[in-house]
Structure formats: C-alpha cells, structure tokens
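The values are calculated or read from the model by the stated rules, or taken from the named source; none is laboratory data. The shown structure was predicted, so the numbers you read here are calculated from the model rather than taken from an experiment. Note that each Cβ is placed from the backbone with ideal geometry, even for glycine, and that neighbours are counted across all protein chains shown. Keep in mind that these areas ignore ligands, DNA and RNA; they rest on the heavy atoms of the full protein, side chains included. Shrake-Rupley method; radii C 1.70, N 1.55, O 1.52, S 1.80 Å.
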Amino acid sequence: TITVPENAAFGYYYAVTFARKYEEIKNAPRITKVIGATASLILLEVRVPNAIRNIDVLEFSTPHLFYEFLPVNFLIKLKNKGTVHVSPRGNIFIDRWGQKDVAILNVNDLKGNVLPNSNRVFETDWNDGFPLYVEQIVDNHVLSDTTGKPNLKLKWDFSQVLKLRWGKYTANLLLVYDDGTKDVPIEAKLDFWVIPWRIIGGALVIILLMGAGIYSIFKEPVKRLISRFKKQK
C-alpha cells in the first residue's frame, strides 16, 4: 500500500522493494556464499492536470530488407517526451500485394512502460511460415555461437506448406496510448521482401529437367513428322 502525501510536489517517484530469504552464514575459512534477493520496481503515477503524455516512434525497422525464410524480427523504438510513464500497446498488420492482414502481431502485450525522457525498444517476430528457422536445442539447451546468438536450423514442417511466404510485404504499425483524456494512435510503415531463392531455384531446375526430358522424347518423332511433311510437298 502506497500513501501519497497531500503536499507531495509533482514529480516522478520510484520505489524499489527487496525480498530476501536470509540464511545463516557460518564463519569458517575459505567459504564463499552468495545470497540472492528479488527487487521489484514500482512505478507510481500521481495524476495532476499538468502531466504530459507524449510518445513518438523513433524507429520501425527490420534487421534486413530481404529474407529467404521467416522469422522476420521487427524493432520498434519509442521515445517518451512526456513527464510520466506510458504503456503503449498495439499491433503490426502485415499486407502483401493487395492481400490485407496476412498476419497480425502483438506489440507490448506485457504492458511494458516507457519512462519519461527515455527511449525503449520493443521487439516482435513474425514466425508463421514455411519453412521456418528455429533455435537449435540439444538436451533442452539452446545452442549458441561464439557471440552468444542462438544457432538456427531450418525446420520443414510440410503440414504448413501453404504458408510459404514470398514476395513484397508491407508492415503497418499501429500503437495506442492514453494521454490522460483519450487514446492517441501512433503509426509507422515499412516494406520488406521474402525471397525463398533455394525453393525457387530448385523449382526452376525441376522444370528445366522436365523440359529437357520432354524434348528428348519428342525430338525424333517431330523430326520424322517434319520430314514427311516436306516430302509430301
């Protein structure tokens, strides 16, 4: 329970609560012990008429413009230009060549706050596709490279074959936050491409082989037919 004094000046206040399970540490040589504690940050907002709530989108991007397969990672960098913390939430609507809402992704569904005069980056992934890069797990542990990034492997789930993604896509960001009197929308937009070049290349090779086979089968009969036609003339 937090009781705000009536004469509290307008400002921004932080409260941190600590919880620790104390354990008795025996005095003995060569003993090292670590005692953990949980710290919970409490954001307290005192509503006053002069409070300012203002969120801007500084960046809406993806790490790459071209992808072979999903997932596609979206980065949303927001700036709080106001005087109180704000929790914007919303969606990313993905369209493709006139096809609306191919996918709808949630942004900040955990209700994270952006503190005053600070920036915060939210991330969300579009991973509904075929095939799909997934984290490589061995013995319930995610394998990582030397930089700490998870190793990825390509998963071919043929039950999802209709979700093969290709072509140009448009991602439309729509977030909403409460300015104290109404919901304020903020928007951004970006384009990216999904080009499954290995699948396209494999399909072209198959088509060329089939074409070569058909040509070799009908080559001689066609020649004989042309030769007879010329003799009849």
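In sequence order, what are the phi-derived ³J(HN,Hα) couplings for the range 79-89 according to the Karplus relation 6.51 cos²θ - 1.76 cosθ + 1.60 with θ = phi - 60°, rounded to whole Hz, with x for glycine and proline?
Working through the residues one at a time gives 10, 8, 9, x, 10, 9, 6, 9, 10, x, 9 Hz.
Mind checking which aspartates and glutamates have their Cα closer than 15 Å to the Cα of K100? Skip sequence neighbours fewer than 8 apart in that chain.
Within reach: D191.
With just the Cα atoms defining each centre, how far is the range 109-173 from the range 30-62? Give it in Å.
If you average the Cα positions of each part, the centres end up 25 Å apart.
Taking only protein heavy atoms and a 1.4 Å probe, what accessible area per residue, in Å², does the range 48-156 have with all protein chains in place? If you can, show how the numbers build up before the last one.
Numbers: 6350 Å² over 109 residues.
For the range 48-156, the per-residue accessible area is 58 Å².
Could you name the aspartates and glutamates whose alpha carbon sits less than 13 Å from that of K77, not counting residues in the same chain fewer than 8 places away?
Cross-link targets: D56, E59, E123, E187.
Which whole-Hz ³J(HN,Hα) couplings does the range 179-188 yield from phi under the Karplus relation 6.51 cos²θ - 1.76 cosθ + 1.60, θ = phi - 60°, glycine and proline marked x?
Running phi through 6.51 cos²θ - 1.76 cosθ + 1.60 with θ = phi - 60° gives 8, x, 10, 7, 7, 10, x, 10, 10, 7 Hz.
Return one number: the angle in degrees, 0 to 90 and rounded to the nearest 10, between the long axis of the Cα atoms of helix 197-232 and the longest principal axis of the Cα atoms of the chain.
Between helix and principal axis, roughly 10 degrees.
Taking loop as defined by DSSP and a crowding limit of 11 other beta carbons within 10 Å, which chymotrypsin sites (Phe, Trp or Tyr not before Pro) in the range 32-101 fit?
On the way: sites: F60, F66, Y67, F69, F74, F93, W97; in loops: F69, W97.
Filter output for the range 32-101: W97.
Note the listed values (i) 122; (ii) 188; (iii) 262, then indicate which one is volume of the Cα convex hull per residue in Å³ calculated from this particular structure.
(iii)
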